[in-house]
Amino acid sequence: AGDQFCADQIIHQPLGGITQEKTQWVNRPTYQQVIEFPARRGDNIANLARGKTATATSTEGGYVATNAVDGDPDTRWASRWWHDPESITVDLGSQQTVARVVADWEAAYAKDYTVQVSTDGAAWREVKRVTGGDGGRDNWTFPATSARYVRIVGTVRGINYGYSLYEFAVYPR
């Protein structure tokens, strides 16, 4: 009881040549978090779609497809038509290894959609099928594959409006 601030300390044990001074400690609830890093030093973990050319089957007003790959969470792509299907495609510029897609949906989201990849922009292969989506941020992984083009094809809208994405990101891991 009483003022324990000076009496309570964490004393660290040296690890190899690394040492740490005593740390003052106050007994209060703390939050600890374990973070997993899915990559190793030197691995490319950049968003492959950022700043690349993006196209869409339709565009509403100034909400063009490139807004979804500009890295700005305040801009977005919106489809012009309020029907299915609609899609947005990003050209990575060259064949890349892709294994993850992140879609940050605006209120007009896709309830059902597919993620497809292509090496030539003509022959497409489905790598992920999503059913029952609820908007927000979708973060999907799939087996690593080589692709130059990646697209999201909305097949069922979540609301009566079209589709709208704040960000469409593609990652190698």
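Here are the numbers for this structure:
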item: For Gly121: the one exception among (1) at negative phi; (2) not in a strand (DSSP E or B); result: (1)
item: Residue in the stretch 108-128 that is among the aliphatic types (A, V, I, L, M), open to solvent by less than 60 Å² (accessible area, probe 1.4 Å) and touching a Gly at 6+ places or on another chain (Cβ under 7 Å) present; result: yes
item: Test: residue in the stretch 162-172 that is within 19 Å of Ala46 (Cβ to Cβ) and either in contact with a His (Cβ under 9 Å, 6 or more places away or on another chain) or of a type in the set (S, T, N, Q) (or both); result: no
item: Neighbours by Cβ (under 6 Å, 6+ apart or cross-chain): first from the stretch 136-147, modelled with pLDDT of 95 or more; second open to solvent by 90 Å² or more (accessible area, probe 1.4 Å) and not aliphatic (A, V, I, L, M); result: Ser146/Gln95
item: Tally, over the stretch 117-173, of residues that are closer than 19 Å to Gly93 by Cβ and within 15 Å of the chain's Cα centre (by Cα); result: 10
item: Selection status of Thr53, surrounded by 10 or more Cβ atoms within 10 Å (Cβ to Cβ), more than 14 Å from Tyr163 (Cβ to Cβ), at pLDDT 95 or above and touching an Asp or Glu at 6+ places or on another chain (Cβ under 6 Å); result: yes
item: Residue in the stretch 79-86 that is crowded, with 17+ Cβ neighbours inside 10 Å and of a type in the set (Phe, Trp, Tyr) present; result: no
item: Among residues of the stretch 130-149, those that are open to solvent by less than 70 Å² (accessible area, probe 1.4 Å) and polar (S, T, N, Q), counted; result: 2
item: Among (1) in a strand (DSSP E or B); (2) out of contact with any Lys or Arg (no Cβ under 8 Å at 6 or more places or on another chain); (3) not acidic (Asp, Glu) - the single one Asn160 does not satisfy; result: (1)
item: Matching residues, the stretch 68-82, being assigned to a loop (DSSP other than H, G, I, E, B) and in contact with a Gly (Cβ under 8 Å, 6 or more places away or on another chain); result: Asp70, Gly71, Ser79, Arg80, Trp81, Trp82
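The values are calculated or read from the model by the stated rules, or taken from the named source; none is laboratory data. Here the structure is a predicted model, which means the values were calculated and not measured. Every residue, glycine among them, receives a Cβ derived from its backbone with ideal geometry; neighbour counts consider all protein chains shown. Calculation scope for accessible area: heavy atoms of the full protein, side chains included, ligands and nucleic acids excluded. Shrake-Rupley method; radii C 1.70, N 1.55, O 1.52, S 1.80 Å.
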